[in-house]
Amino acid sequence: MPQTILLWFRRDLRLDDNPALTHALSTGARIVPVYIHAPNEEAPWAPGAASRWWLHGSLLALDESLQRFGGRLWIARGDSLTELRRIVAATGAIGVSWNRLYDPVTRERDTRIKQALRSDGLRCESHNAALLFEPWEIANGNGQPYRVFSAFWRACVKELSGIRPEPAPESLPAGVAPVGGLSVEDLGLLPTIPWDQGLRATWTPGESAVLARANAFLDTRVADYGATRDRPDAPGTSRLSPHLHFGEIGPRRLLAMIVERFGDPTAEPAEPFVRELGWREFSYHLLYHFPQTPAEPLDPRFADFPWRTDGAAERLDAWQRGRTGIPLVDAGMRELWHTGWMHNRVRMVVASLLTKNLRLPWQSGARWFWDTLVDADLASNTQGWQWTAGCGADAAPYFRVFNPVRQGERFDPDGGYVRRWCPELARLPNQYIHQPWTAPPPILKAADIRLGSHYPLPIVDLAISRQEALAAWGTVKGNRPNPPVTAFE
Ligand SMILES: Cc1cc2nc3c(=O)[nH]c(=O)nc-3n(C[C@H](O)[C@H](O)[C@H](O)COP(=O)(O)OP(=O)(O)OC[C@H]3O[C@@H](n4cnc5c(N)ncnc54)[C@H](O)[C@@H]3O)c2cc1C
């Protein structure tokens with residue numbers, strides 16, 4: 001009778017390049033694939049509504065892949081340790097194999113579970129499926145974490161050639177039928193009010209879908225990525241982020257696909273895209289070494305920042321609903337609501353408007369993104385918000401306030417993106433599409449727009465609020481700052 005090992009899936013919902021699976025296969029044991037739904041253990045960052053939608057599809061896809069190999073996903077809900085012990089008892093497993101997570105809460109939980117299972121006499125192995133490098137593998141000359149992306153990435157690039165993905169399995173040993181397991185539907189991940197039409201129309205979760213998407217992107221668009229990646233009006237980026245978040249593909253596989261096609265991943269045409277994978281790595285590096293950052297600014301001066309409190313709820317609501325009266329921002333917030341995704345350039349613009357012009361805390365924006373993004377990722381979301389707010393590592397300086405009108409004119413020059421997501425503005429000439437409040441009344445009339453009713457007037461004066469933001473920054477910038485960044489390079 002062969003021995004049995006549990007393969008505990010979490011955010012590594014794939015069979016290809018899955019080191020925990022490779023390890024389990026190498027033992028010659030029977031493999032019982034397990035998923036345990038335990039959102040309470042991830043609080044306060046349990047998956048938001050859009051992520052739960054994605055997870056539903058991704059679990060179905062994983063179960064289908066396993067069935068093709070004659071297996072089944074054993075799905076449970078509740079306390080992870082209790083459920084693992086229950087499945088160990090039911091299957092006689094001698095060990096548990098899994099891939100690591102890096103956010104503070106699940107790290108602490110996984111350490112506790114590993115100790116408990118080992119004290120039960122079980123073998124426990126954890127592996128890296130999510131990153132090119134473990135966050136502790138890359139350190140500066142003093143053995144300290146990096147805070148500056150360029151220095152971090154230089155250190156990573158030197159090691160890239162040693163990276164190899166694990167092969168996809170050719171077969172799986174005969175499995176064990178789940179006893180008392182749940183179905184994916186039993187987890188209740190889908191919304192009860194059907195607001196998810198836009199998500200369904202936009203995405204196909206799962207490993208097969210992401211391989212097709214990645215191949216198509218690398219075959220056709222990666223060469224233009226450097227030129228088009230900042231254009232929200234063009235399909236210039238890969239849209240792999242939710243697939244990467246749920247581990248339907250790993251960065252090591254992506255890197256291998258790039259090397260196979262283009263050779264050196266740090267040279268044109270692939271370099272600009274690979275560098276973005278580097279930003280993802282950097283986000284995980286920061287979250288691992290500065291685990292307080294989902295709630296607290298990395299730059300301690302911002303702890304005392306004078307956020308605006310008057311009318312805060314109304315301003316936040318207008319921003320969330322895409323009713324600020326500033327077209328590029330509203331287009332982005334509506335794209336997010338409809339599709340669960342927003343273009344990176346627009347993420348920066350809407351985050352800048354919230355934290356600087358509206359002067360609302362970055363944490364309130366990060367929380368809204370958390371609930372609405374299908375790619376909501378604690379590392380990248382925290383880093384993206386702190387970077388834009390000016391309080392993170394290698395952050396945009398606080399005084400660099402994105403001007404959403406200028407950004408629109410540069411990156412959506414024909415207004416195609418705004419017209420798509422704010423159709424009430426569709427008939428405005430290009431000259432006014434990013435600032436309808438400057439259009440003369442006859443132009444507004446001809447475009448059938450009544451500002452203040454069809455489409456809002458701007459909820460904030462961009463120039464005045466910029467000055468106020470700089471004045472607010474002036475009140476804290478003399479506080480004790482971080483040590484100079486060079487000390488960390
Ligand atoms: C305020 C703010 C919040 C963000 N929140 C998230 C989030 O919750 N989840 C998330 O995955 N990304 C987040 N990002 C980063 C970035 O916007 C998305 O990764 C990107 O838009 C995803 O689209 P794509 O897959 O087409 O990216 P591509 O341009 O095709 O890039 C390829 C991959 O590189 C990674 N990447 C690209 N840019 C970044 C970046 N700036 N930081 C970290 N990783 C990056 C992503 O994994 C992405 O899938 C945020 C950025 C900002 C400014």
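Each value in this text was obtained by applying a stated rule to the coordinates, not by laboratory testing. Note that the structure is predicted; figures quoted are calculated from it, not measured. Ideal geometry is used to build each Cβ from the backbone, glycine not excepted, and the neighbour counts take in all protein chains shown.
Please identify the chymotrypsin sites (Phe, Trp or Tyr not before Pro) of the range 103-183 that satisfy two criteria: DSSP loop assignment and at most 16 other Cβ atoms within 10 Å. Which are they?
Sites meeting the loop and neighbour criteria: TRP136.
Convert each backbone phi in the range 162-179 into a coupling constant with the Karplus relation 6.51 cos²θ - 1.76 cosθ + 1.60 (shift: θ = phi - 60°), then list the ³J(HN,Hα) values in order as whole Hz, x for Gly and Pro.
x, 8, 9, x, 7, x, 5, x, 8, 7, 10, x, 3, x, 10, 6, x, 9
Go ahead and run the numbers for FRET between ARG420 and ALA139, Cβ-Cβ distance against an R0 of 41 Å, rounding to 0.05.
After rounding to 0.05, the efficiency reads 0.40.
Using a 7 Å offset from the Cα along the Cα-to-Cβ direction at both THR192 and ASP224, what is the distance between the two label points in nm, to one decimal?
Each label point lies 7 Å from its Cα, and together they span 4.6 nm.
Modelled label-to-label distance, GLU185 and GLU42, 7 Å Cα→beta-carbon offset: nm?
Placing both labels 7 Å beyond Cα along the Cβ direction yields 2.3 nm.
Sorted by mean Cβ packing within 10 Å, highest first, what order do the peptides 195-204, 251-260 take?
Top of the packing list down: 251-260, 195-204.
Tell me which residues come under 5 Å, amide H to amide H, from ARG77 once H is placed; ignore anything under 5 positions away on its chain.
HIS37
Hey, can you grab everything whose amide H is under 5 Å from the amide H of ALA376? Only 5+ residues off in sequence or another chain; H modelled, so Pro and N-termini drop out.
HN-HN under 5 Å from ALA376: empty list.
Compute the Rg to Rh ratio over the range 222-334 from the alpha carbon atoms, using the Kirkwood formula for Rh, and round to two decimal places.
Answer for the range 222-334: 1.07.
List residues of the range 202-241, by number, whose backbone nitrogen lies under 19 Å from a label position 7 Å along Cα→C-beta of ARG400.
Answer for this model: 226-232.
Using 1/(1 + (r/R0)^6) with R0 = 60 angstrom and r between the beta carbons of ARG107 and GLN431, what's the FRET efficiency to the nearest 0.05?
0.70
Is the range 336-467 rounded, prolate or oblate when judged by the Cα gyration tensor, a ≥ b ≥ c being the square roots of its eigenvalues, rounded requiring a/c under 1.5 and prolate requiring a/b larger than b/c?
Prolate, because a/c is 1.5 or more and a/b exceeds b/c.
How far is it, in nm, from the label point at ALA89 to the one at ASP120 when both lie 7 Å from their Cα along the line to the Cβ?
0.9 nm
Please provide three numbers in whole Å: the alpha-carbon extents of the chain along the principal axes, with the largest listed first.
Its Cα atoms span 83, 50, 46 Å along the three principal axes.
Run the reach check for LYS356 against lysines, Cα to Cα strictly under 19 Å, same-chain hits fewer than 8 apart removed. What comes back?
LYS477
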